[in-house]
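The values are calculated or read from the model by the stated rules, or taken from the named source; none is laboratory data. Note that the structure is a prediction, hence the values are computed from the model and not measured. Positions of Cβ are generated from backbone atoms using ideal geometry, with glycine treated the same way; all protein chains shown enter the neighbour counts.
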Amino acid sequence: MSEIVVEAKVRKDIRKSAKDVRKEGYIPGIFYGHGEDNIPIQATLAKLRPVVYSSDTHVVSLKLDTGETKTCIVRDLQFDPITDKLVHFDLYGLRADEQVTMGIPINLIGTAKGVKDGGLVQQTLHEVEVKCFPKDIPEHIDVDISDLDVGDSIHVSTLNVPNIEILEEEDTTIVAIVPPTILKEPEVEAAEGVEEMEEPELVGKGKKEDEETEGDEDRKEESEEKK
């Protein structure tokens, strides 16, 4: 597990709104943990970038401007739904003698045999919840899919990572190789539609012929009466 250093400042004026903090070029955040006092903090995006834009899990060495250093992990990141900019972050303090529950990303490795036959990789679980001591936190969990054929899948029960407890249900599917989707041709439906359009025309012609025949018979009867 790699450790990343993040420098931050303690927010002394807690009356200042988060919006004002962001206007000054900082991202507001909070440090908290079991047996720890909550510490309102702020950091620049440049300092947070290594832990925010990473697909791996990292232990963070938080260096405060007060001289304190805290060992922690990123617990939560909040982004603006419109601009997608980071607006808040939570850091959770770690204790060497206390286990922590957290999500670890799953990293697929290899190329499945089924892909060569047209199969598609369908990953349904991207993160697995685990429980372990801070020293045993993995950056990610590798899952090799090289031997998978079309129709094969890998479940949580196959995971075996030293010194960590997997908290997910064992029958949960991580990844599967599914057959390609075949789209139905629309030509048949179009042909049926044409036939349906033609039917009323035939019926209409029949009615017209009947009406003309009835008219001829009436005129013939009138002529005979005059005679």
Filtered residues of the stretch 66-86 (kept if of a type in the set (Val, Ile, Thr) and more than 23 Å from Glu127 (Cα to Cα)): Thr66, Thr69, Ile82, Thr83
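Just a yes or no: is a residue in the stretch 109-116 basic (Lys, Arg) and touching a residue at least 12 places away in the same chain (Cβ under 8 Å)?
Yes, there is a match, as at least one residue in the stretch 109-116 is basic (Lys, Arg) and touching a residue at least 12 places away in the same chain (Cβ under 8 Å).
Matching residues to (1) touching a Ser or Thr at 6+ places or on another chain (Cβ under 9 Å); (2) exposed (fewer than 13 other Cβ atoms within 10 Å of the Cβ):
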{"site": "Val21", "(1), (2)": "no, no"}
{"site": "Tyr26", "(1), (2)": "yes, no"}
{"site": "Ala43", "(1), (2)": "no, no"}
{"site": "Asp56", "(1), (2)": "yes, no"}
{"site": "Val60", "(1), (2)": "yes, no"}
{"site": "Ile73", "(1), (2)": "yes, no"}
{"site": "Asp84", "(1), (2)": "no, yes"}
{"site": "Val87", "(1), (2)": "no, no"}
{"site": "Asp90", "(1), (2)": "no, no"}
From Arg22, Arg49, residue being under 28 Å from Val130 (Cα atoms), out of contact with any Asp or Glu (no Cβ under 9 Å at 6 or more places or on another chain), in a helix (DSSP H, G or I) and among the charged types (D, E, K, R): Arg49
Strands (runs of 3 or more DSSP E) enclosed by the stretch 122-172 - at least 2 residues per element that are in contact with a helix residue (DSSP H, G or I) (Cβ under 6 Å, 6 or more places away or on another chain): none
In the stretch 83-100, the residues that are in contact with a Lys or Arg (Cβ under 8 Å, 6 or more places away or on another chain), in contact (Cβ under 8 Å) with a residue 60 or more places away in the chain and of a type in the set (A, V, I, L, M): Val87, Leu91
Unmet criterion (only one of (1) in contact (Cβ under 8 Å) with a residue 60 or more places away in the chain; (2) assigned by TED's automatic domain parsing to the domain that holds Pro40; (3) part of a strand (DSSP E or B); (4) β-branched (Val, Ile, Thr)) for Thr57: (3)
